[in-house]
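Asker: Below: one structure in C-alpha coordinates.
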Amino acid sequence: MNIRYISLVSSFIFILLSCQNAPQPLPYLGVKENPEDKPAIPDYHFIDQLNRPVTPQTFKDKVYLTDFFFTSCPTICPIVTGQMLRIYEHFNNDNRVAFLSHSIDTRHDSVPRLKAYADKLHINDDKWRFVTGKKDDIFSISKSYLSIVLEDPNTPGGFNHSGYIILVDKDRHIRAFCNGTDPKDVDKFIPKIQQLLDSE
Amino acid sequence: MKRWLSIFSIAFPLAIYSCTDYQQGKSVYTESCANCHGDKGQGLASLYPSLQKSNILSHHPDQIPCIILKGIKRDSIQHLSLEMPPHPDIKEVDMTNLINYLLTLTRKDAHVVTIDSVTMWMKYCK
(Lines give C-alpha, C1' and ligand atoms only; values in the text may rest on other atoms or scores of the structure.)
Protein backbone atom coordinates (compact mmCIF):
# COMPACT_ATOMS: atom_id res chain seq x y z
CA MET A 1 0.00 0.00 0.00
CA ASN A 2 2.81 2.34 1.01
CA ILE A 3 4.84 1.60 -2.13
CA ARG A 4 1.78 2.18 -4.32
CA TYR A 5 1.10 5.46 -2.60
CA ILE A 6 4.74 6.62 -2.91
CA SER A 7 4.92 5.75 -6.60
CA LEU A 8 1.64 7.59 -7.25
CA VAL A 9 2.87 10.71 -5.48
CA SER A 10 6.28 10.61 -7.20
CA SER A 11 4.61 10.18 -10.61
CA PHE A 12 2.42 13.18 -9.88
CA ILE A 13 5.46 15.29 -8.88
CA PHE A 14 7.35 14.14 -11.99
CA ILE A 15 4.44 15.14 -14.27
CA LEU A 16 4.11 18.47 -12.47
CA LEU A 17 7.84 19.22 -12.85
CA SER A 18 7.78 18.16 -16.52
CA CYS A 19 4.92 20.58 -17.17
CA GLN A 20 6.77 23.41 -15.46
CA ASN A 21 9.96 22.79 -17.47
CA ALA A 22 8.20 22.54 -20.84
CA PRO A 23 8.89 25.77 -22.73
CA GLN A 24 5.95 27.87 -23.78
CA PRO A 25 5.27 27.75 -27.54
CA LEU A 26 6.81 30.73 -29.33
CA PRO A 27 4.20 33.41 -30.04
CA TYR A 28 3.27 34.83 -33.45
CA LEU A 29 4.52 38.42 -33.39
CA GLY A 30 3.53 41.42 -35.47
CA VAL A 31 0.81 43.99 -35.87
CA LYS A 32 -2.48 42.17 -35.28
CA GLU A 33 -6.09 43.15 -35.67
CA ASN A 34 -7.18 40.08 -33.71
CA PRO A 35 -5.20 38.21 -31.03
CA GLU A 36 -5.32 34.99 -33.06
CA ASP A 37 -3.88 36.63 -36.21
CA LYS A 38 -0.56 35.32 -37.52
CA PRO A 39 1.02 38.23 -39.44
CA ALA A 40 3.30 37.10 -42.27
CA ILE A 41 6.23 38.87 -43.94
CA PRO A 42 4.99 40.21 -47.32
CA ASP A 43 6.60 39.32 -50.66
CA TYR A 44 9.98 40.85 -51.39
CA HIS A 45 12.62 40.81 -54.09
CA PHE A 46 16.20 41.75 -53.32
CA ILE A 47 19.68 41.03 -54.74
CA ASP A 48 22.40 39.30 -52.72
CA GLN A 49 26.22 39.53 -52.59
CA LEU A 50 26.53 37.22 -55.61
CA ASN A 51 23.95 39.20 -57.60
CA ARG A 52 21.36 36.45 -57.11
CA PRO A 53 17.68 37.23 -56.51
CA VAL A 54 16.48 36.73 -52.96
CA THR A 55 12.74 36.17 -52.44
CA PRO A 56 10.68 34.28 -49.85
CA GLN A 57 11.27 31.22 -52.05
CA THR A 58 14.99 31.44 -51.14
CA PHE A 59 14.07 30.49 -47.56
CA LYS A 60 11.50 27.82 -48.42
CA ASP A 61 11.38 25.20 -45.65
CA LYS A 62 13.93 27.14 -43.57
CA VAL A 63 13.79 29.36 -40.55
CA TYR A 64 15.88 32.49 -40.92
CA LEU A 65 17.48 35.18 -38.81
CA THR A 66 17.39 38.67 -40.18
CA ASP A 67 18.71 42.16 -39.39
CA PHE A 68 19.29 45.62 -40.90
CA PHE A 69 22.77 47.07 -41.25
CA PHE A 70 25.13 48.97 -43.55
CA THR A 71 28.76 48.22 -44.26
CA SER A 72 30.18 51.59 -43.17
CA CYS A 73 28.09 51.80 -39.98
CA PRO A 74 30.30 53.07 -37.16
CA THR A 75 27.86 52.47 -34.30
CA ILE A 76 25.77 49.38 -33.51
CA CYS A 77 26.13 47.33 -36.74
CA PRO A 78 29.56 45.87 -35.93
CA ILE A 79 28.18 44.59 -32.61
CA VAL A 80 24.99 43.18 -34.16
CA THR A 81 26.96 41.58 -37.02
CA GLY A 82 29.26 40.02 -34.41
CA GLN A 83 26.23 38.51 -32.65
CA MET A 84 24.74 37.34 -35.97
CA LEU A 85 28.08 35.65 -36.66
CA ARG A 86 27.89 34.00 -33.23
CA ILE A 87 24.43 32.58 -34.04
CA TYR A 88 25.66 31.60 -37.53
CA GLU A 89 28.53 29.62 -36.00
CA HIS A 90 26.14 27.98 -33.52
CA PHE A 91 23.86 26.71 -36.34
CA ASN A 92 26.59 26.40 -38.97
CA ASN A 93 25.88 22.72 -39.59
CA ASP A 94 22.11 22.97 -39.51
CA ASN A 95 20.77 23.38 -43.06
CA ARG A 96 17.34 24.34 -41.75
CA VAL A 97 18.71 27.74 -40.63
CA ALA A 98 19.55 30.67 -42.93
CA PHE A 99 20.57 34.30 -42.45
CA LEU A 100 19.42 37.48 -44.20
CA SER A 101 21.04 40.89 -43.64
CA HIS A 102 19.43 43.89 -45.36
CA SER A 103 21.65 46.84 -46.19
CA ILE A 104 19.85 50.12 -45.51
CA ASP A 105 22.53 52.15 -47.34
CA THR A 106 21.39 51.17 -50.82
CA ARG A 107 23.36 54.04 -52.41
CA HIS A 108 26.82 52.87 -51.25
CA ASP A 109 26.39 49.17 -50.50
CA SER A 110 26.73 47.80 -54.02
CA VAL A 111 26.76 44.06 -54.77
CA PRO A 112 30.62 43.91 -54.90
CA ARG A 113 30.79 45.79 -51.63
CA LEU A 114 28.39 43.33 -49.98
CA LYS A 115 30.49 40.49 -51.40
CA ALA A 116 33.67 41.98 -49.90
CA TYR A 117 31.88 42.36 -46.55
CA ALA A 118 30.63 38.76 -46.62
CA ASP A 119 34.08 37.46 -47.62
CA LYS A 120 35.70 39.17 -44.66
CA LEU A 121 33.29 37.39 -42.34
CA HIS A 122 34.31 34.03 -43.90
CA ILE A 123 30.69 32.90 -44.27
CA ASN A 124 28.94 30.58 -46.70
CA ASP A 125 27.21 32.74 -49.35
CA ASP A 126 24.35 30.24 -49.61
CA LYS A 127 23.62 30.29 -45.90
CA TRP A 128 23.95 34.02 -45.19
CA ARG A 129 22.59 36.48 -47.76
CA PHE A 130 23.56 40.16 -47.62
CA VAL A 131 21.01 41.97 -49.73
CA THR A 132 20.42 45.32 -51.36
CA GLY A 133 17.48 46.59 -53.37
CA LYS A 134 15.26 49.61 -53.81
CA LYS A 135 15.58 51.88 -50.80
CA ASP A 136 11.79 52.19 -50.39
CA ASP A 137 11.40 48.41 -50.48
CA ILE A 138 14.00 47.85 -47.77
CA PHE A 139 12.74 50.67 -45.56
CA SER A 140 9.18 49.41 -46.02
CA ILE A 141 9.92 45.77 -45.17
CA SER A 142 11.80 46.84 -42.03
CA LYS A 143 8.41 47.73 -40.56
CA SER A 144 7.12 44.22 -41.24
CA TYR A 145 10.12 42.92 -39.28
CA LEU A 146 9.16 45.28 -36.40
CA SER A 147 12.40 47.22 -36.93
CA ILE A 148 13.04 50.93 -37.23
CA VAL A 149 15.10 52.29 -40.13
CA LEU A 150 15.42 56.06 -40.61
CA GLU A 151 17.71 58.29 -42.60
CA ASP A 152 19.18 60.86 -40.20
CA PRO A 153 22.06 63.12 -41.28
CA ASN A 154 22.74 64.00 -37.63
CA THR A 155 23.48 60.37 -36.72
CA PRO A 156 26.98 58.88 -37.20
CA GLY A 157 26.84 57.07 -40.53
CA GLY A 158 23.65 58.87 -41.58
CA PHE A 159 21.14 56.23 -40.50
CA ASN A 160 19.22 55.56 -37.34
CA HIS A 161 18.11 51.98 -36.96
CA SER A 162 17.26 49.34 -34.39
CA GLY A 163 19.68 46.50 -33.72
CA TYR A 164 17.16 43.68 -33.50
CA ILE A 165 17.86 40.16 -34.71
CA ILE A 166 14.55 38.64 -35.79
CA LEU A 167 13.61 34.97 -36.01
CA VAL A 168 11.23 34.05 -38.87
CA ASP A 169 9.67 30.61 -39.25
CA LYS A 170 9.30 28.67 -42.51
CA ASP A 171 5.83 30.15 -43.03
CA ARG A 172 7.17 33.73 -42.86
CA HIS A 173 5.92 34.45 -39.33
CA ILE A 174 8.04 36.34 -36.80
CA ARG A 175 8.38 34.08 -33.75
CA ALA A 176 11.01 35.84 -31.61
CA PHE A 177 13.55 38.63 -31.63
CA CYS A 178 16.41 39.89 -29.50
CA ASN A 179 18.53 42.97 -29.01
CA GLY A 180 21.57 42.23 -31.15
CA THR A 181 23.69 44.73 -29.24
CA ASP A 182 23.31 42.73 -26.01
CA PRO A 183 25.19 39.39 -25.95
CA LYS A 184 23.22 38.28 -22.85
CA ASP A 185 19.94 38.79 -24.70
CA VAL A 186 21.39 36.74 -27.57
CA ASP A 187 22.27 33.99 -25.04
CA LYS A 188 18.56 33.70 -24.21
CA PHE A 189 17.58 33.96 -27.89
CA ILE A 190 19.62 31.00 -29.18
CA PRO A 191 17.52 28.38 -27.30
CA LYS A 192 14.39 29.91 -28.85
CA ILE A 193 15.81 29.26 -32.33
CA GLN A 194 16.43 25.65 -31.32
CA GLN A 195 12.92 25.43 -29.87
CA LEU A 196 11.44 26.60 -33.18
CA LEU A 197 13.53 24.06 -35.09
CA ASP A 198 12.39 21.29 -32.74
CA SER A 199 8.75 22.24 -33.16
CA GLU A 200 8.75 22.42 -36.98
CA MET B 1 55.55 46.87 12.96
CA LYS B 2 58.06 48.80 10.83
CA ARG B 3 58.28 45.82 8.53
CA TRP B 4 54.50 45.80 8.02
CA LEU B 5 54.47 49.53 7.41
CA SER B 6 57.12 49.25 4.71
CA ILE B 7 55.29 46.35 3.03
CA PHE B 8 52.06 48.35 3.15
CA SER B 9 53.75 51.48 1.78
CA ILE B 10 54.92 49.52 -1.28
CA ALA B 11 51.88 47.27 -1.76
CA PHE B 12 49.18 49.91 -1.41
CA PRO B 13 50.36 52.26 -4.19
CA LEU B 14 51.02 49.21 -6.39
CA ALA B 15 47.48 47.94 -5.82
CA ILE B 16 46.00 51.36 -6.60
CA TYR B 17 48.17 51.64 -9.71
CA SER B 18 47.15 48.23 -11.02
CA CYS B 19 43.45 48.93 -10.40
CA THR B 20 43.51 52.25 -12.23
CA ASP B 21 45.88 51.16 -14.97
CA TYR B 22 44.95 53.19 -18.07
CA GLN B 23 41.31 53.41 -17.05
CA GLN B 24 41.06 56.79 -18.80
CA GLY B 25 42.45 55.26 -21.98
CA LYS B 26 40.03 52.37 -21.62
CA SER B 27 37.16 54.81 -21.30
CA VAL B 28 38.19 56.57 -24.56
CA TYR B 29 38.55 53.14 -26.19
CA THR B 30 35.09 52.01 -25.04
CA GLU B 31 33.50 55.18 -26.36
CA SER B 32 35.27 55.45 -29.72
CA CYS B 33 36.79 52.11 -30.71
CA ALA B 34 35.10 49.14 -29.01
CA ASN B 35 32.02 49.01 -31.29
CA CYS B 36 34.18 47.83 -34.18
CA HIS B 37 37.32 46.39 -32.59
CA GLY B 38 35.46 44.62 -29.75
CA ASP B 39 35.48 45.21 -26.01
CA LYS B 40 38.86 43.48 -25.63
CA GLY B 41 40.32 44.52 -29.00
CA GLN B 42 39.61 41.06 -30.40
CA GLY B 43 38.22 42.38 -33.72
CA LEU B 44 35.62 40.54 -35.83
CA ALA B 45 36.80 37.89 -38.32
CA SER B 46 38.72 39.77 -41.06
CA LEU B 47 36.20 42.60 -41.09
CA TYR B 48 37.48 44.58 -38.12
CA PRO B 49 41.15 43.94 -37.35
CA SER B 50 42.18 42.49 -34.02
CA LEU B 51 44.22 44.99 -32.03
CA GLN B 52 45.59 42.19 -29.87
CA LYS B 53 47.64 40.99 -32.84
CA SER B 54 48.37 44.38 -34.38
CA ASN B 55 51.82 44.75 -35.87
CA ILE B 56 51.50 48.55 -35.83
CA LEU B 57 50.70 48.55 -32.13
CA SER B 58 53.58 46.20 -31.37
CA HIS B 59 56.25 47.81 -33.49
CA HIS B 60 55.15 51.25 -34.74
CA PRO B 61 53.24 53.10 -31.99
CA ASP B 62 54.37 56.39 -33.55
CA GLN B 63 51.96 55.71 -36.44
CA ILE B 64 48.92 55.26 -34.22
CA PRO B 65 48.01 58.95 -33.65
CA CYS B 66 47.80 59.58 -37.39
CA ILE B 67 45.61 56.51 -37.97
CA ILE B 68 43.26 57.60 -35.19
CA LEU B 69 43.18 61.27 -36.24
CA LYS B 70 42.74 60.76 -39.97
CA GLY B 71 41.16 57.32 -40.11
CA ILE B 72 41.83 54.94 -42.96
CA LYS B 73 40.08 55.69 -46.20
CA ARG B 74 38.73 53.05 -48.50
CA ASP B 75 40.80 52.95 -51.69
CA SER B 76 39.13 49.91 -53.20
CA ILE B 77 36.37 47.45 -52.47
CA GLN B 78 38.91 44.79 -51.55
CA HIS B 79 40.28 47.05 -48.81
CA LEU B 80 36.92 47.33 -47.11
CA SER B 81 38.30 46.16 -43.79
CA LEU B 82 40.82 48.99 -43.76
CA GLU B 83 38.09 51.59 -43.74
CA MET B 84 38.10 53.43 -40.44
CA PRO B 85 36.41 56.74 -39.61
CA PRO B 86 38.65 59.67 -38.51
CA HIS B 87 38.64 60.99 -34.94
CA PRO B 88 40.08 64.47 -35.54
CA ASP B 89 38.95 66.00 -32.24
CA ILE B 90 40.88 63.76 -29.88
CA LYS B 91 43.35 65.76 -27.75
CA GLU B 92 46.89 64.93 -26.68
CA VAL B 93 46.02 63.71 -23.16
CA ASP B 94 43.23 61.40 -24.36
CA MET B 95 45.43 60.19 -27.23
CA THR B 96 48.27 59.34 -24.82
CA ASN B 97 45.94 57.49 -22.44
CA LEU B 98 44.33 55.67 -25.34
CA ILE B 99 47.63 54.55 -26.88
CA ASN B 100 48.92 53.35 -23.52
CA TYR B 101 45.72 51.34 -23.05
CA LEU B 102 45.98 49.95 -26.61
CA LEU B 103 49.55 48.86 -25.94
CA THR B 104 48.35 46.74 -23.01
CA LEU B 105 46.09 44.83 -25.42
CA THR B 106 49.11 43.46 -27.26
CA ARG B 107 51.25 42.65 -24.25
CA LYS B 108 51.04 43.11 -20.51
CA ASP B 109 54.60 44.40 -20.18
CA ALA B 110 54.18 46.94 -22.96
CA HIS B 111 56.29 50.05 -22.75
CA VAL B 112 54.65 53.39 -22.01
CA VAL B 113 54.48 56.32 -24.39
CA THR B 114 54.78 59.85 -23.01
CA ILE B 115 52.60 62.82 -23.80
CA ASP B 116 55.65 64.60 -25.26
CA SER B 117 56.15 61.84 -27.85
CA VAL B 118 52.44 61.67 -28.63
CA THR B 119 52.21 65.46 -29.05
CA MET B 120 55.13 65.34 -31.48
CA TRP B 121 53.62 62.43 -33.45
CA MET B 122 50.30 64.28 -33.64
CA LYS B 123 52.07 67.45 -34.87
CA TYR B 124 53.85 65.54 -37.64
CA CYS B 125 50.57 63.98 -38.66
CA LYS B 126 49.00 67.39 -39.28
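Asker: Cα-based Rg of chain A per 2.2 N^0.38 Å, rounded to two decimals?
Answerer: Taking the Cα Rg and dividing by 2.2 N^0.38 Å, one obtains 1.22.
Asker: Here's a follow-up. Tell me the angle of helix A:183-199 to the major Cα principal axis of chain A, expressed in degrees between 0 and 90 and rounded to the nearest ten.
Answerer: Orientation of helix A:183-199: about 70 degrees from the principal axis.
Asker: Moving on to the next point. Going by Cα centres, the range A:46-104 and the range A:179-200 are how many Å apart?
Answerer: Answer, in whole Å: 15.
Asker: Follow-up question, since we're still on this one. If you take the accessible area of A alone plus B alone and subtract the pair, what total do you get in square angstrom, rounded to 100, with a 1.4 Å probe?
Answerer: Approximately 1400 Å² gets buried when A meets B.
Asker: Fully extended, how many nm does the chain gain between A:A40 and A:E200 (0.36 nm per residue separation, minus their Cα-Cα distance)?
Answerer: Stretched out fully, the A:A40 to A:E200 stretch lengthens by 55.9 nm.
Asker: Sticking with this structure for a sec: Sum -39500 (n - 2.57) across every DSSP H segment of at least 4 residues in chain A, then divide by the residue count to get the 222 nm mean residue ellipticity, nearest 500.
Answerer: -11500 deg cm²/dmol
Asker: Next up: Testing the spin-label approximation: label points 7 Å from Cα along Cα→Cβ at A:I190 and A:D171. State their distance in nm.
Answerer: Going from the A:I190 label point to the A:D171 one covers 2.9 nm.
Asker: Further question on the same structure: What is the pair-distance distribution P(r) of the range A:112-200, computed from all Cα-Cα distances in 5 Å bins starting at 0, with each bin given as a whole percent?
Answerer: Going out from 0 Å in 5 Å bins, the range A:112-200 shows 3, 11, 15, 19, 26, 18, 7, 2, 1 percent.
Asker: Looking at this model, which pairs from A:K127/B:K73; B:K91/B:K126; B:K26/B:K91 are more than 20 angstrom apart at the alpha-carbon? Write out the running numbers ahead of the final one.
Answerer: Values: A:K127/B:K73 30 Å; B:K91/B:K126 13 Å; B:K26/B:K91 15 Å.
Correct reply: A:K127/B:K73.
Asker: With the calculation restricted to Cα positions, what are the radius of gyration and Dmax of the range A:84-150 in angstrom?
Answerer: That works out to 12.8, 35 Å for Rg and Dmax.
Asker: I need the semi-axes of the equivalent ellipsoid of the range A:30-88: take the C-alpha gyration tensor, multiply each eigenvalue by 5, square-root it, list largest first in whole angstrom.
Answerer: Details: eigenvalues 126, 66, 29 Å².
Ellipsoid semi-axes (Å, largest first): 25, 18, 12.
Asker: Now for a different question. How large is the accessible surface of B:Y29 in square angstrom, using a 1.4 angstrom probe and rounding to the nearest 10?
Answerer: Accessible surface of B:Y29 is approximately 0 Å².
Asker: I would also like to ask the following. Compute, for A:S140, the solvent-accessible surface of its heavy atoms (probe 1.4 Å) with the complete set of protein chains present, and express it in square angstrom to the nearest 10.
Answerer: Approximately 70 Å² for this residue.
Asker: Sort A:177-183, A:163-169, A:36-42 for me by packing, meaning the mean count of neighbouring Cβ atoms within 10 Å per residue, highest on top.
Answerer: Result, highest mean first: A:163-169, A:177-183, A:36-42.
Asker: What number comes out for the charge environment of A:S101, summing +1 per Lys or Arg and -1 per Asp or Glu over other residues with Cβ under 11 Å away?
Answerer: With Lys, Arg at +1 and Asp, Glu at -1, the net is -2.
Asker: Cross-link partners among lysines for B:K53, C-alpha distance below 16 Å, same-chain residues fewer than 8 apart left out?
Answerer: In chain and number order, the partners are B:K40, B:K108.
Asker: Right, another one. All other residues with a Cβ under 10 Å from the Cβ of A:Y28 taken together, and with Lys, Arg as +1 and Asp, Glu as -1, what is their net charge?
Answerer: Net charge around A:Y28: -1.
Asker: Could you order B:W121, A:W128 by accessible surface area, starting with the largest, using a probe radius of 1.4 Å? Display every interim value, and only then the final one.
Answerer: On the way: B:W121 50, A:W128 0 Å².
Greatest to least solvent exposure: B:W121, A:W128.
Asker: Which whole number in µm²/s is D for the range A:145-192 by Stokes-Einstein, with the Kirkwood Rh taken over Cα pairs at 10 °C and 1.306 mPa s?
Answerer: In µm²/s, the coefficient rounds to 131.
Asker: Using a probe radius of 1.4 Å on heavy atoms only, what accessible surface per residue do you get for chain A? Whole Å² is fine. Numbers along the way, then the final one.
Answerer: Numbers: 10700 Å² over 200 residues.
So chain A comes to 53 Å² accessible per residue, rounded to a whole number.
Asker: Could I ask something else about it? Describe numerically, in nm with one decimal, the distance between label points set 7 Å from Cα along Cα→Cβ at B:E92 and at A:D126.
Answerer: 6.0
Asker: Just tell me how shielded B:46-52 is by partners: mean number of partner chain Cβ atoms within 10 Å of each residue's Cβ, no decimals.
Answerer: Across B:46-52, the average partner-chain Cβ count within 10 Å equals 3.
Asker: If I fit a long axis through the Cα atoms of helix A:111-120 and take the longest principal axis of the Cα atoms of chain A, what angle between them do I get, 0 to 90°, rounded to 10?
Answerer: Value to nearest ten degrees: 50.
Asker: When only the heavy atoms of the protein chains count and the probe is 1.4 Å, how do B:V118, A:V31 rank by accessible area, highest first? Could the numbers behind the result be given before it?
Answerer: Details: B:V118 0, A:V31 130 Å².
Greatest to least solvent exposure: A:V31, B:V118.
Asker: Compute the distance in nm between two label points, each set 7 Å from the Cα along the Cα-to-Cβ direction, one at A:H90 and one at A:R52.
Answerer: 2.5
Asker: Quick check: from the Cα gyration tensor, does the range A:56-122 come out rounded (a/c under 1.5), prolate or oblate?
Answerer: The shape class here is prolate.
Asker: Let me ask you something else. Do you know the relative contact order of chain A, to the nearest whole percent, from alpha carbon pairs under 8 angstrom that are 6+ apart?
Answerer: Result for chain A is 27 percent.
The values are calculated or read from the model by the stated rules, or taken from the named source; none is laboratory data. Remember, it's a predicted structure, so these values are computed and weren't measured experimentally. We place every Cβ from the backbone using ideal geometry, glycine too, and count neighbours over all the protein chains shown. SASA here: full protein model, heavy atoms, side chains in, ligands and nucleic acids out. Shrake-Rupley method; radii C 1.70, N 1.55, O 1.52, S 1.80 Å.
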